[in-house]
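Read the figures in this text as sums done on the coordinates, not as results from a lab. Everything numeric in this text was worked out from a predicted model, so none of it was measured. Cβ sites come from the backbone with ideal geometry, for glycine too, and all protein chains shown count toward neighbours.
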C-alpha cells in the first residue's frame, strides 16, 4: 500500500450536554480528522485532543498544525510502501504528540482493513459482537441533580457509571448516588485534582471517605507525573486506584504497576499513540494480572467504534467508557450508535468504522488541507 496524500479536516461540533470536570467545562468539541489516500483506497482517523490543553498538553488546533507541518510530511517521506505498524517507527522522529500520531495510525489501519475487506475486530481477533456500555457524568451543581443524571444513564441501560469529582465535590454527591443506587457499578474520576500532604500518610480526607462507598476504582486522583504519590495513596485506600493521564507509554505503565501506583489501568489509544500500543498495554495488564478498561475522549462515532473493538479484548476486565446515543448538537458524520440491552455493537464491516456521511461531514468542516508528495 503506497501513501499518496493526506487530507486534514477540522470539524466544529458542540456537545449535546456540557461536560464538567475538575479541569473545567467542555462545550465546544473541535475534532481533527485525518483521511489518508493510498493506491488501494482511503482510510479515516480521529484525533482525540480537546479544545484546550487541559486534559493533556495536546489540543485540537495544535494537533492540526503538527500533523500538517511535521507528522504528515515525515510519513510521506518515509520511503517504500509500508503498513500502519511500520509507519509508527517513522513518526518517532517527532517527539510527543501522541494523539496526533494515533489519528494517523488509525487512518492507516483503516485504509489497510478497507482494502482487505476486514474489520478492526478481526484484526484484533476480538470475536464478541457487542460490549457492555459504560456511562460518564460530569459534576453537577447539586447532589440531587447528579442523581438525576445518573438515573438517566441507568434508564438508558448503562451497566457502569463513572462520576467526575474534585475537592469539595466528592463524598456528598457520590454518597447520594450510592444511596439511590446501592448495587450500581460505580467509579469516580478526579482528573488529577487532588494533592497529597507533606507525608505519605497525609491523604486528602475526601478520598479516604470514598472507601465507604464500594467504588470499582478511583481514577487519576493525583497529577499525571506523581507516580510515587499514587503509590502512597494506593497503600492508604481500600478503593483500587486507577491511572489514566499517567499512562502515556508502556514504560509508564510498567513503572506504575511496579511501584504499586495503581491496581487498575485506563487504556486510551490516543494517549499511547495508537491502537497497536493500546493492544500492547492490554497484553501487559493481562500478563501481570491488573484490571484494565478502555477510556473515552468524547469521540465521534469513528473513535467510539475503535474503542468498542478494543473493549472486546479479553484482558479488558472492567466496563469501559464505551457508550452510544447522541453526543453532539450537530449530526455526527460517522453516525449514532444506539445501545441494545445495555451493550454497544462492535463494527464488523470493512475498516475501523463505517465511512462518514459526506453531507454531514461537509456541514461541520471549518478547515481543510491536503498534504501530498
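Annotations
- Protection proxy ranking for 213-223, 340-350, 311-321, using the average of other Cβ atoms within 10 Å per residue and placing the highest first: 213-223, 311-321, 340-350.
- Averaging Cα coordinates gives a centre for the stretch 339-373 and one for the stretch 110-162; these two points are 17 Å apart.
- Using 0.36 nm per residue and subtracting the Cα-Cα separation, the extra length available between residue 370 and residue 348 on full extension is 5.0 nm.
- At q = 0.20 Å⁻¹, base-10 log of I(q)/I(0) for the stretch 146-295 (Debye sum, equal scatterers on each alpha carbon): -1.21
- All-pairs alpha carbon distance profile, the chain, 20 Å steps from 0, percent: 30, 59, 11, 0
- If the chain linking residue 202 and residue 116 were pulled fully straight, counting 0.36 nm for each residue of separation and taking away their Cα-Cα distance, it would gain 25.4 nm.
- Across all directions, the shadow cast by the convex hull of the stretch 116-210 built on its C-alpha atoms averages 9.3 square nanometres.
- A protection proxy built from the mean count of other Cβ atoms within 10 Å ranks the segments 188-196, 163-171, 251-259, most packed first, as 188-196, 163-171, 251-259.
- Choice from 102, 231, 121 showing the highest fluctuation, given a GNM over the chain with Cα pairs closer than 10 Å: 231
- With the simple model of a label 7 Å out from the Cα in the direction of the Cβ, residue 250 to residue 362 spans 4.5 nm.
- Degrees, to the nearest 10: 275-288 long Cα axis against longest axis of the chain: 40
- Crossing angle, helix 227-236 versus the chain [Cα axis fit, 0-90 degrees, rounded to tens]: 40
- Were the residues from residue 181 through residue 89 laid out at 0.36 nm apart, the gain over their Cα-Cα distance would be 28.4 nm.
- Among 25, 46, 245, the order by Cβ neighbours within 10 angstrom, fewest to most, reads 25, 245, 46.
- Overall, the ratio between the Cα radius of gyration of the stretch 101-142 and 2.2 N^0.38 Å, rounded to two decimals, is 1.78.
- The relative contact order of the stretch 122-345, computed from alpha carbon pairs under 8 Å that lie at least 6 residues apart in sequence, is 21 percent.
- Taking the C-alpha atoms only, the angle from helix 143-156 to the longest principal axis of the chain is near 50 degrees.
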